[in-house]
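For reference, the structure discussed in these notes is given below.
The values are calculated or read from the model by the stated rules, or taken from the named source; none is laboratory data. In this text, all values refer to a predicted model and were calculated from it rather than measured experimentally. For neighbour counting, all protein chains shown are included, and Cβ atoms are generated from backbone atoms with ideal geometry for every residue, glycine included. Just the protein is used for accessible areas: all its heavy atoms, side chains included, with ligands, DNA and RNA removed. Shrake-Rupley method; radii C 1.70, N 1.55, O 1.52, S 1.80 Å.
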Amino acid sequence: QVQVAESGGGLVQPGGSLRLSCVASGDIVSPYAMNWYRQAPGERREFVAHISRGGFTNYADSVKGRFTISRGNAYDTNYLQMNSLKPEDTAIYYCNAVPAGVIYWGHGTQVTVSS
């Protein structure tokens, strides 16, 4: 069984920063890609950032230049550094891990950007 857990969400003012963490554990075999998605109230879940098995990254246009995804020292951990946050970034942020074509989702962490 594989578990994915996100942490690091919270309330931040516009222009502020947050760093989200995601850890995959259990019966999961490296290497694998990891992704961040987000879902705002009443909206569909949307792609935010991707890091490939080899460390290549790509981003949604809406966050490019403000968000950075990276691997931790442990392969099963990744971080989403979010800078210059805007109210429209408010959402539940979900991480997933994709080993061998199977997608495992976490339960999400709330990010609220408000003054």
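Go through the range 1-48 and count every residue that is of a type in the set (D, E) and part of a strand (DSSP E or B). Outline the logic, then answer.
Step one: filter the range 1-48 for residues of a type in the set (D, E), giving 6, 27, 43, 46.
The next check asks that each one be part of a strand (DSSP E or B); those that pass are 6, 46.
Residues in the range 1-48 being of a type in the set (D, E) and part of a strand (DSSP E or B): 2 in total.
Restricting attention to the range 72-89, and to residues there that are modelled with pLDDT of 95 or more and open to solvent by 40 Å² or more (accessible area, probe 1.4 Å), which single residue is nearest to the chain's Cα centre (by Cα)?
Y79
Which residues, counting only those in the range 81-91, are out of contact with any Asp or Glu (no Cβ under 9 Å at 6 or more places or on another chain) and not in a helix (DSSP H, G or I)? Spell out how you get there, then give the answer.
First, the residues of the range 81-91 that are out of contact with any Asp or Glu (no Cβ under 9 Å at 6 or more places or on another chain): 81, 83-90.
Q81, N83, S84, L85, K86, T90 - these are the residues of the range 81-91 that are out of contact with any Asp or Glu (no Cβ under 9 Å at 6 or more places or on another chain) and not in a helix (DSSP H, G or I).
Could you tell me which of the residues V48, V23 is without any contact (Cβ under 8 Å) to a residue 60 or more places away in the chain, within 14 Å of D76 (Cα to Cα), of a type in the set (V, I, T) and surrounded by 12 or more Cβ atoms within 10 Å (Cβ to Cβ)? Let's see the steps before the verdict.
Values: V48 fails: within 14 Å of D76 (Cα to Cα).
Only one candidate passes the filter, namely V23.
Going through I92, I69 one at a time, which residue ends up being modelled with pLDDT of 95 or more, open to solvent by less than 60 Å² (accessible area, probe 1.4 Å) and closer than 18 Å to S114 by Cβ? Steps first, answer last, please.
On the way: I69 fails: closer than 18 Å to S114 by Cβ.
Just one listed residue meets the conditions, I92.
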